[in-house]
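Enquirer: To start, I am sharing the structure in question, which I have written as structure tokens.
The values are calculated or read from the model by the stated rules, or taken from the named source; none is laboratory data. These numbers were taken from a predicted model, which means no experiment stands behind them. Using ideal geometry, Cβ is built from the backbone for each residue, glycine included, and neighbour counts are taken over all protein chains shown. With ligands, DNA and RNA removed, areas are computed over all heavy atoms of the protein, side chains included. Shrake-Rupley method; radii C 1.70, N 1.55, O 1.52, S 1.80 Å.
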Amino acid sequence: ADIFDTAFHLDGVAGALRITATADVIATARVYDVNVQTNIGTGTAGQFYPGLPAELAIGAGDSTTVIGLAEQGGTWRSNVALVETTGHSVVLNIERLDASGQVLFTYTGYRLQPFEAKQINRVLQFLGGSGTMNNQRVRVTAPAAEDEGRVLVAGSRIDSRTGDPFTIEMAGEPTAPAADRT
């Protein structure tokens, strides 16, 4: 079911859900298109998205990487999603790296507001790319010590012909001890 519509009575919106509980909770989502045409009729195409605990969010001095991104004309495109988890703003640096780890482009000063969820569509083009790009990655860093915000990051690689996406989870560990994260 469309939780934004059924629970919050909002139509045509997208975003992230923040779930708080006094017991352990497992949350998942399937983000999908209900109007995909195939040779046997209309169906859905979408991707599974796991609920991520706030403890995985990166904060000041931390970085994370999303791997396996590609942009190839009408074949592939890639998006990156960012969600601030603490209710504080945060400024990020976002880098595009090639398969060997060379930094190809850096975007500094990308700001997220408290609890903001943003998706950067065609992230490799957003980060200075053009043409065909294979096996690239994006590194997101929260460099400013004065920022209290923390960010979860995920990627999607989408088949441009069918709209079929798959989820790419963030990699790497935050440097702050778990007890220091909220």
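Enquirer: Once the other residues with Cβ under 12 Å from the Cβ of ALA144 are scored (Lys, Arg +1; Asp, Glu -1), what is the net sum?
Expert: After counting each charged neighbour, the total is -3.
Enquirer: 5 Å is the cut-off here: which amide hydrogens, built 1.01 Å from N in the peptide plane, fall below it relative to LEU104, excluding neighbours closer than 5 in sequence?
Expert: ARG96, LEU97, ASP98
Enquirer: Turning to a different aspect of this structure: What does the accessible area per residue of the chain come to in Å², with a 1.4 Å probe and no ligands, DNA or RNA counted?
Expert: On the way: 10410 Å² over 182 residues.
Ligands and nucleic acids excluded, the figure is 57 Å² per residue.
Enquirer: Label 7 Å along Cα→Cβ of ASN35; the range 148-169 residues with amide nitrogen under 18 Å?
Expert: 161-165
Enquirer: Order of 124-137, 99-112 by packing, highest average Cβ count within 10 Å first?
Expert: Taking the mean over residues of other Cβ atoms within 10 Å, the ranking is 124-137, 99-112.
Enquirer: Still on this model: Using θ = phi - 60° and the Karplus relation 6.51 cos²θ - 1.76 cosθ + 1.60, list the HN-Hα couplings for the range 139-153 in order, rounded to whole Hz, with x at every Gly or Pro.
Expert: Computed from phi, the couplings for the range 139-153 are 10, 10, 10, 9, x, 7, 5, 7, 6, 9, x, 9, 10, 9, 10 Hz.
Enquirer: Turning to a different aspect of this structure: If you find the alpha carbon centre of the range 25-56 and of the range 115-169, how far apart are they in angstrom?
Expert: 18
Enquirer: Name the shape class, rounded, prolate or oblate, that the alpha-carbon gyration tensor gives for the chain, where a ≥ b ≥ c are the square roots of its eigenvalues, rounded holds for a/c under 1.5, and otherwise prolate holds if a/b is larger than b/c and oblate otherwise.
Expert: Verdict is oblate for the chain.
Enquirer: Sorting check: for 153-162, 27-36, which peptide has the highest mean count of neighbouring beta carbons within 10 Å, and how do the rest follow?
Expert: Per-residue Cβ counts within 10 Å, averaged per peptide and sorted highest first, yield 153-162, 27-36.
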